[in-house]
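The values are calculated or read from the model by the stated rules, or taken from the named source; none is laboratory data. Since this is a predicted model, take the numbers as computed values, not measurements. Methodologically, a virtual Cβ is constructed for each residue, glycine included, from the backbone with ideal geometry; neighbour enumeration extends over all protein chains shown. Remember, those area values only see protein heavy atoms, side chains included, never the ligands or the DNA or RNA. Shrake-Rupley method; radii C 1.70, N 1.55, O 1.52, S 1.80 Å.
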Amino acid sequence: MSTTNYAVTGMTCGHCVSSVTAEITKLPGVQRVDVALVHDGTSRVVVSSDADLALDDVRAAVDEAGYELVGESA
């Protein structure tokens, strides 16, 4: 099991959280997505998956939801 933290900007509400969660969950191997929403700031998205995910795949999923992945966070 792999757990990675990502930083995402542009999220402001529960609908934003749902959209990002839904898109990332579509990636192969994703088991769980948890979002710590920061209104009008940089939110933390924690993804647990069977194996490490390609950053470009996560970025594309977040982009599809309408938000911006600004990288992995601590």
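Here is how the numbers come out for the structure above:
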| read-out | value |
| --- | --- |
| For region 35-74, Kirkwood radius (reciprocal of mean inverse C-alpha pair distance, Å) | 11.1 Å |
| The chain: mean projected area of Cα convex hull, nm² | 4.0 nm² |
| The chain: most fluctuating residue of 42, 21, 12 per GNM, C-alpha cutoff 10 Å | 12 |
| With DNA, RNA and ligands ignored, accessible area of residue 67 (1.4 Å probe; Å², nearest 10) | 40 Å² |
| Å² of accessible area per residue within the chain, as computed with a 1.4 Å probe and no ligands counted | 55 Å² |
| Exposure of residue 37 as accessible area (Å², to 10), given a probe of 1.4 Å and all protein chains | 60 Å² |
| Assigned charges on the beta-carbon of Lys, Arg, Asp, Glu; region 2-73 dipole about Cα centre (debye) | 200 debye |
| Residue-span extension gain [residue 13 to residue 51] - 0.36 nm each, minus C-alpha spacing | 10.8 nm |
| Residue-level accessible surface for residue 25, protein heavy atoms, 1.4 Å, Å² | 70 Å² |
| Rounded to 10°, Cα long-axis angle of helix 14-25 versus longest principal axis of the chain | 20 degrees |
| Where 18, 43 fall by accessible area, highest first, once all protein chains stay in place (1.4 Å) | 18, 43 |
